[in-house]
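Engineer: Got a structure for you, written out below as structure tokens; questions coming shortly.
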Amino acid sequence: MALIDAPDREAGGAAAPAAPGLGELFVAFAKMSLAGFGGVLVWARRAIVEQHRWMTAEEFNETFALCHFLPGPNIVNLSVVFGSRFRGIPGAIAAFAGLLGPPVVIVTTLAVLYAHYGELDTLRRILAGVSYAAIGLLFAVVFKMLMPLLRKRDPVAIGLLAAVFVAVGVLRLPMPYVLAVAVPLSIGATYLLRRRTA
Amino acid sequence: MTGAPSLGGLAATFSTMSLFAIGGANAALPEIHRVAVTLNHWLTEQQFADAFAIAQLSPGPNVLIVTLIGYQAAGLAGALVATVGMCGPSATLAYVVSRLLGRAGQSPWPAIIQAALVPLSIGLMAASGLILALGSDRSVAAMVLTATVAVLAAVTRVNPLWLLLAGGVLGFAGVV
């Protein structure tokens, strides 16, 4: 266990845990994924930080911050970055496969059932009810993320947020074009604001 | 379900989308909706709302809505191609960037870029909510249910799964 690719973790810490093996990575990510109804992140944090102690809370936050600012599903990014930190590319693949494999089998089974029975009236009504609730959950996430931004009263950020909402949600413009304008604008504005306040 | 797409077309579509999904899968929903429903008619508005509901009810990352869309568009192979297409490129990028940043030391740029992207991803998620609501919330009762769940999830710590199941029960009972 001497050649573990985890430079931040010096030996000698009281609870220095062993780096997970490939099978362990697969199983750990499969478990958190299957536990994750309505979001895997909570379970990932619990497993990685509290249960296995593979990362400290700070290491986890830093890793998640990186995965959040990169494009793509955050938790999928996290699995790859986490797996590769301990076991290189094979580790990344093991964690990725664990996170996505089992739930993909489940969702695909549901897709097959839906294709056969999707027109049944009872199922129609149940799914409609679920989707109304699911949209509500999405609005709740938006609300929770919006509050800190409103509290900061940052007019540039709020303006850009509103512009993106109108462009994509109301005008239905293609997202790549909208982002091609909004991303450089937002990065430029953030950079200038920070330089002024620094 | 008109115009079954080629697997190559599906792969290209979702691989591109993968790299634009800033803020995660829910932020990419407007684009997924535009491409899959409006542009290519792989799914109806109804099927898209159903796919969203099924993905929320299932364990695993929310991104798995693309598995359902892939299946609807091109069967089992489509499900697999859409999933790998949506997750592969961004995961590869995450791997490369995490390796590079490991050596870059204390650059202020990751923090600046992250702060700059937060409002954009919130705007995109709000757009997702609007598009989904316009596509499926037709009755007053449905809108009341959506609003109630939004408030409950925002101000309490109740497990979201219970709210989804409650929605299903109300739907089954014919209330919404």
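Engineer: Return only the number of the condition from (1) in a helix (DSSP H, G or I); (2) facing chain A (nearest Cβ under 7 Å); (3) modelled with pLDDT under 90 that B:L100 does not satisfy.
Structural biologist: (2)
Engineer: Still on this structure: Residues of segment B:103-125 being touching a strand residue (DSSP E or B) at 6+ places or on another chain (Cβ under 8 Å) and not in a helix (DSSP H, G or I), which ones?
Structural biologist: Within segment B:103-125, the subset touching a strand residue (DSSP E or B) at 6+ places or on another chain (Cβ under 8 Å) is B:117, B:120-121, B:124.
Answer for segment B:103-125, where residues must be touching a strand residue (DSSP E or B) at 6+ places or on another chain (Cβ under 8 Å) and not in a helix (DSSP H, G or I): there is none.
Engineer: Can you report the number of residues in segment B:124-142 which are more than 8 Å from chain A (Cβ to nearest Cβ) and free of Cβ contacts under 8 Å to residues at least 12 places away in the same chain?
Structural biologist: Of segment B:124-142, the ones more than 8 Å from chain A (Cβ to nearest Cβ) are B:134-135, B:138-141.
This time we only want the ones that are free of Cβ contacts under 8 Å to residues at least 12 places away in the same chain, so: B:134, B:138, B:140.
The total comes to 3.
Engineer: Could you grab me the full set of residues in segment A:48-79 that are within 17 Å of A:A28 (Cβ to Cβ) and at the interface with another protein chain (Cβ under 7 Å from one of its Cβ atoms)?
Structural biologist: If the condition is that a residue be within 17 Å of A:A28 (Cβ to Cβ) and at the interface with another protein chain (Cβ under 7 Å from one of its Cβ atoms), then A:C67, A:I75, A:V76, A:N77 are the ones that fit.
Engineer: What single numbered condition from (1) farther than 24 Å from A:V178 by Cβ; (2) more than 7 Å from chain A (Cβ to nearest Cβ) fails to hold for B:L145?
Structural biologist: (2)
Engineer: In segment B:81-99, which residues are aliphatic (A, V, I, L, M) and touching a strand residue (DSSP E or B) at 6+ places or on another chain (Cβ under 8 Å)?
Structural biologist: Taking segment B:81-99 as the starting set, the residues that turn out to be aliphatic (A, V, I, L, M) are B:81-82, B:84, B:86, B:91, B:93-94, B:96-97.
The one that is aliphatic (A, V, I, L, M) and touching a strand residue (DSSP E or B) at 6+ places or on another chain (Cβ under 8 Å): B:L93.
Matching residues to (1) more than 7 Å from every other protein chain (Cβ to nearest Cβ); (2) surrounded by 24 or more Cβ atoms within 10 Å (Cβ to Cβ); (3) in contact with a Pro (Cβ under 8 Å, 6 or more places away or on another chain):
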| position | (1), (2), (3) |
| --- | --- |
| A:V105 | yes, no, no |
| A:L110 | no, no, no |
| A:Y114 | no, no, no |
| A:Y117 | yes, no, no |
| A:I126 | no, no, no |
| A:V130 | no, yes, no |
| A:A134 | no, yes, no |
| A:V141 | no, no, no |
| A:M145 | no, no, no |
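Engineer: Could you list, ordered by first residue, the pairs with Cβ atoms under 8 Å in which the first is in segment A:150-166 and more than 9 Å from chain B (Cβ to nearest Cβ) and the second is of a type outside the set (S, T, Y) and open to solvent by 50 Å² or more (accessible area, probe 1.4 Å), at least 6 apart or interchain?
Structural biologist: Close Cβ pairs satisfying both conditions: A:L150/A:I158.
Engineer: On to the next question. Among A:Y177, A:Y191, which is among the aromatic types (F, W, Y) and exposed (fewer than 14 other Cβ atoms within 10 Å of the Cβ)? Lay out the reasoning, then the answer.
Structural biologist: Details: A:Y191 fails: exposed (fewer than 14 other Cβ atoms within 10 Å of the Cβ).
Checking each option against the conditions leaves just A:Y177.
Engineer: Let me ask something else about it. Only one of (1) open to solvent by less than 10 Å² (accessible area, probe 1.4 Å); (2) more than 7 Å from chain A (Cβ to nearest Cβ); (3) assigned to a helix (DSSP H, G or I) fails for B:L43. Which number is that?
Structural biologist: (3)
Engineer: Return a yes/no flag: does segment B:100-112 have any residue that is touching a Ser or Thr at 6+ places or on another chain (Cβ under 7 Å), surrounded by fewer than 24 Cβ atoms within 10 Å (Cβ to Cβ), over 30 Å from B:S6 (Cβ atoms) and hydrophobic (A, V, I, L, M, F, W, C).
Structural biologist: Yes, that holds for at least one residue.
Engineer: Every residue in segment A:116-155 that is part of a helix (DSSP H, G or I) and among the charged types (D, E, K, R), please.
Structural biologist: So the first thing to find is which residues in segment A:116-155 are part of a helix (DSSP H, G or I), and the list is A:116-117, A:121-152, A:155.
Once the filter is applied, which keeps residues that are part of a helix (DSSP H, G or I) and among the charged types (D, E, K, R), segment A:116-155 yields A:D121, A:R124, A:R125, A:K144, A:R151, A:K152.
The values are calculated or read from the model by the stated rules, or taken from the named source; none is laboratory data. Since this is a predicted model, take the numbers as computed values, not measurements. Cβ atoms come from the backbone with ideal geometry, glycine included; neighbour counts cover every protein chain shown. Accessible surface areas use protein heavy atoms only, side chains included; no ligands, DNA or RNA. Shrake-Rupley method; radii C 1.70, N 1.55, O 1.52, S 1.80 Å.
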